[in-house]
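Working notes, beginning with the structure itself.
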Amino acid sequence: MATIIKKRFFCFLFFALAAATDGFAQITIGKPTLSFTQICADADYNTQVPILSKVTFTFSPQSALSSTNQFIVELSDATGSFSNPIILVSSDVGAVSGSPATLGFRIPTNIAGEAYKIRIRSTTPASTSPDSNTFSAYYQIQNAPFSINNFVETATYCAGGSYVLRIDNPGTGTNDSPLKYPSLTYNWFRDNGNSVAPTLLVSASTGSYTVTQAGKYYVETNYGSCTSNSYSNRVTVSESAAQVSSITSNKGNPFCASEGTTTLSTQAANSYQWFLDDLKIEGATANTYEASKAGLYVVKVDFGGCITNASINLQKIQFLSAINLSGTNTIKEGETKTVITTTTAENPAYQWFLNDVLIDGANGATFDATTAGDYKVVITQTSSCRASNEFLFTIEYPIIDRDVVLIPNFISPNGDGINDTWVIPQEYLSGTNTEVLLMSSTGEQILKTNNYQNNWPENMMDFKNVNPVYYYIISTQGKKVKKGSITVIK
């Protein structure tokens, strides 16, 4: 009998302890209450203090919590499933001991959907709350206006054709292109005016839309029910039975090349190809082209269903100039050759060069050349459009003939520029220390020099005889001697 009583006592004690242990280990967590109905977050959202997103929950009994307990806030996927929950925040160990409790959390940067849920989970004892109400949540990674159609407000397609609107990429200037973020999708709309709501045409992951109906169109980044600043400019697209394209130059035609390139533009269309002087310009496939030189420009414009060509004969602003010399000219020693320029340039400036060296002080429209050499004059228009014209010419001494290889035996000093002086080979001229001796037929010494410059007779002589004869002796530094006669033909 005593044994039976003892067994019953132990059984009672076991169940009592088990009941006490179960009471300590179990809590109930209530359905979470959210401080928001939707989350539309951007780059500034998660930096706010205090934290904007909060969840409040109750639990009981409070005495059942372990000192090591943590409450964890979990986020479902965009469909409300907790098969792979995201932990938004975990409380510090033992930090939450009273009910109700509130925890704040920040938003993941990859959320986008309309049916998110939140639940609360405790660690010690382990328990999970019911799911919260569903809510929409989007992280607006791009939240600024952007452009389509390169900000061109109008476009046209041919009857039966189409026109492709595209989000511009990369973004430049005021265009912050959302195409930089591959995860984004877009809603394309037709604007029906102020009194009628816009028509949603398509939700797409690509940044383009093919228009087949005339109207005004725009696109927004798809952030669901959230309102954002991520939207485009509006483009009015019209249909035309016939298309005529044209080209304009933003700096006029002719244009001032010294001020940089001029932008050639044509109408908005589906595609383009530019040509210069009948040659295809590789890579020139936009509706604009930066032109730096003159020529015949043609652009082939595809309006979608029909193709047209536009052309412009682009010219540079120029002025007219002329010079009274060209090519090779001759002067005698001590002679002056006056070079004269004329020009239609506004406020012209002149620079004269001799053998590519700027001639100091030579800045007028005329120049007196007294030295042989290669000359250049640059005429520059200094007002309006800055531009330059350049002229080259050469001045030589006709008495110097570097191609002479034989010693001539006659001269004809009649002033016609041909055989006027006795021209001997270069090897006997000034700088070679060769002695040149000339004598008359009577033995009179006419010339003796070690610095002969192909200049005898330098001045017109009074030749008393008809076709007089002179004799020469040329003695080189190497003791070579050349002798002969010179007949002067009048």
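A few comments on the model shown:
- Subset of segment 148-189 (residues that are over 20 Å from the mean Cα position of the chain (by Cα) and polar (S, T, N, Q)): Thr154, Thr156, Ser162, Ser183, Thr185, Asn187
- Among the residues listed as Glu390, Glu396, the single one being within 23 Å of Asp374 (Cα to Cα) and modelled with pLDDT of 90 or more: Glu390
- Filter result (within 30 Å of Ile141 (Cα to Cα) and either part of a strand (DSSP E or B) or in contact with a Cys (Cβ under 9 Å, 6 or more places away or on another chain) (or both)) within segment 225-239: Ser225, Cys226, Thr227, Ser228, Tyr231, Ser232, Val235, Thr236, Val237
- Of the residues in segment 329-341, at least one is within 43 Å of the chain's Cα centre (by Cα) and within 27 Å of Cys385 (Cβ to Cβ).
- You will find that of Thr341, Thr336, the residue that is surrounded by 15 or more Cβ atoms within 10 Å (Cβ to Cβ) and outside the structural domain of Glu259 (by TED's automatic domain parsing) is Thr341 and no other.
- Lone qualifier among Leu354, Leu429, Leu358 - being assigned by TED's automatic domain parsing to the domain that holds Gly484, surrounded by 12 or more Cβ atoms within 10 Å (Cβ to Cβ) and free of Cβ contacts under 8 Å to residues at least 60 places away in the same chain: Leu429
- Val405 modelled with pLDDT under 85 and either hydrophobic (A, V, I, L, M, F, W, C) or not assigned by TED's automatic domain parsing to the domain that holds Glu333 (or both): yes
- Residues in segment 100-130 that are part of a loop (DSSP other than H, G, I, E, B) and crowded, with 16+ Cβ neighbours inside 10 Å: Ile107, Ile111, Lys117, Thr124, Ser129.
- Tally of residues being in contact (Cβ under 8 Å) with a residue 60 or more places away in the chain, surrounded by 19 or more Cβ atoms within 10 Å (Cβ to Cβ) and not in a loop (DSSP other than H, G, I, E, B) across segment 240-271: 2
- The set of residues in segment 186-198 that are among the polar types (S, T, N, Q) and either modelled with pLDDT under 95 or not assigned by TED's automatic domain parsing to the domain that holds Gly215 (or both) comprises Asn192, Asn194, Ser195.
- Some residue of segment 344-351 being without any contact (Cβ under 8 Å) to a residue 60 or more places away in the chain and within 26 Å of Thr330 (Cβ to Cβ): yes
- Filter pass, Lys376 being without any contact (Cβ under 8 Å) to a residue 40 or more places away in the chain, assigned by TED's automatic domain parsing to the domain that holds Gln477 and either in a strand (DSSP E or B) or more than 29 Å from Gln477 (Cβ to Cβ) (or both): no
The values are calculated or read from the model by the stated rules, or taken from the named source; none is laboratory data. It should be emphasised that the depicted structure is a prediction, and the values quoted were computed from it without experimental measurement. Glycine gets a Cβ as well: all are built from the backbone with ideal geometry, and neighbour counts include every protein chain shown.
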